[in-house]
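Just so it is clear, none of the values below were taken in a lab; they were calculated from the coordinates. Here the structure is a predicted model, which means the values were calculated and not measured. Heads up, the Cβs are rebuilt from the backbone with ideal geometry, glycines too, and the neighbour counts pull from every protein chain shown.
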Amino acid sequence: MDRKSILRKPEWLKVNLSHTKGYAQTGAVVREGLLNTICTSGRCPNQCECWARGTATFMICGDICTRSCRFCATKSGRPAALDKDEPERVALSVKRLGLKHCVITSVDRDDLPDGGAAHWAETVGAIKKHNPNTTIELLVPDFDGRAELLDVIIASGADIVGHNIETVRRLTPQVRSRARYDLSLGVLRYLKEHGARVKSGLMVGLGESDDEVVATLRDLHDAGCSIVTIGQYLQPTLEHHELKRYVHPDTFAQYKQEAEEIGFDFVASAPMVRSSYMAEQALAGAKGENAQ
């Protein structure tokens, strides 16, 4: 029996790819703003659903990453210079979409002296200027753990600062090209100790055991993380890290229970969960509020 028959996509991972009026309107805002989204570059399976609801996760600092992580569909190589007008265009697009909560991520920019930190801060400032009632969530790179760059991110005043651990300790060298497990934990710990509300996420299906997932959750919580997402890894191409298993929804429910018992304020754990999926609910949950 070949691998394709063994790892045939299960029914619970089938998604509706129909394009609605809301999807088209969101796409138009993204195109007219000359913006990138992780929805598209990361081949997110929730793109149709989220765009139909009028929301998207903007990806700043270009669309080419200086790293080449083996799980990620984003292009890697030599990026172009930063677009100085991008922060303003992102902010105006957030306004056009009427977002109550916006999520911003980026490619890694190891080619820049500050890793793009100032550009991040400018983007947050522009969003706040044009959208004073919108809450802001950032999903940032590790900035090589440099405190002075993390300080720039913290000082921007975002409501949530996320940094994904991505996978368990044992698999990190196989899956992430430059990042290190303990460095990511250190980044999360620093963010928490300096006043940020901290979020992280990991994928499953890369070859980890359930015990390793729980150990990672404990590490994240110990580092100060209060919000966590757990979702199914979907191998982008044959050149990427091999998909080892499809994790059953019941197992995701067990991960959620474990995480809640560990003490996280908000846990999203399901096959289709991604870092920014239903992010507004995560913020409300972390605040102890009822999501609207």
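Scoring 260-273, 219-232 by mean Cβ neighbours within 10 Å over their residues and listing the highest first yields 219-232, 260-273. On the beta carbon distance between Arg31 and Ala81, with R0 = 25 Å, the FRET formula returns roughly 0.70.
Counting only aspartates and glutamates at least 8 places from Lys14 when in the same chain, those with an alpha carbon closer than 16 Å to its own are Glu49. Its alpha carbons give the range 166-281 an Rg and a Dmax of 13.6, 41 Å.
Remark on the range 114-236: Rg and Dmax equal 14.9, 45 Å (Cα only). Percent of C-alpha pairs per 10 Å bin in the range 17-286, short distances first: 7, 32, 39, 20, 2.
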